[in-house]
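Chemist: Have a look at this one.
Nothing in this text is a laboratory measurement; each read-out follows from the coordinates by a stated rule. Please read all numbers here as calculations on a predicted model, not as lab measurements. Quick reminder, even Gly has a Cβ in these numbers, built from the backbone with ideal geometry, and neighbours come from all protein chains shown.
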Amino acid sequence: DEGWADASYNRILAILKSIFAYAHERGRLAHNPAAIVHGRHIQKKLPTPYSETDIYRLLAWLRVYKPWALDIARIYLETGMRRGELMQLRWVDVDLPQRLFVLPQAKNRHARVIPFTNRAERIMRRLYACRAEGTPNGEVFGSSADIRKILYDAGKDRGVDTFRPVHRLRDTFGT
């Protein structure tokens, strides 16, 4: 295991445990020799939220240079949604009367319900009123929700560190 990252070690150990468990279940081994081996502890990464000043700088840049992306950034900040969740969000997943996003299949393959803040509700009601005719159940944002490049540009222009910019919006929501 010289030089292996802890996560790599744990993945290989999981594969070996599965192989030995399979052999044990089928009577090929008397016991699973890997069952007593423990994985390595992996410390969770700390969130890296934007500061209030950074948020102000990014949103001000968006307001001037990419105003269509401002609502998307605000929804990330107001809900903590993942990029994939927002990209796949459809109008049928938006419950305006109950002020909820009902995501049928989130990252963990389970439904997730996200309540609206007042600001998110105002944005979603305005977007709903302006949505394209004939697409009442279509995508809310689609691929335009992927604003990573735009946030990189904004951060570069305004002197804001934009490492993993969309995830940092999620971190900002959570703190």
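Chemist: Considering the range 14-65 alone, what residues qualify as being loosely packed, with under 14 Cβ neighbours inside 10 Å and among the acidic types (Asp, Glu)?
Modeler: GLU25, GLU52, listed by residue number.
Chemist: Then there is this: Among the residues of the range 1-13, what is the count of those that are assigned to a helix (DSSP H, G or I) and either free of Cβ contacts under 8 Å to residues at least 24 places away in the same chain or surrounded by fewer than 12 Cβ atoms within 10 Å (Cβ to Cβ) (or both)?
Modeler: Total meeting the criteria: 4.
Chemist: What number of residues within the range 18-56 satisfy the criterion of being polar (S, T, N, Q) and outside any loop (DSSP other than H, G, I, E, B)? Quick ask: steps written out before the conclusion?
Modeler: Within the range 18-56, the subset polar (S, T, N, Q) is 18, 32, 43, 48, 51, 53.
Adding the requirement that they be outside any loop (DSSP other than H, G, I, E, B) leaves 18, 53.
Result for the range 18-56: 2.
Chemist: I'd like to know if the range 89-107 contains one or more residues that are under 20 Å from ILE55 (Cβ atoms) and surrounded by fewer than 16 Cβ atoms within 10 Å (Cβ to Cβ). Working first, answer last.
Modeler: From the range 89-107, those under 20 Å from ILE55 (Cβ atoms) are none; that's our starting set.
Checked the range 89-107: no residue is under 20 Å from ILE55 (Cβ atoms) and surrounded by fewer than 16 Cβ atoms within 10 Å (Cβ to Cβ).
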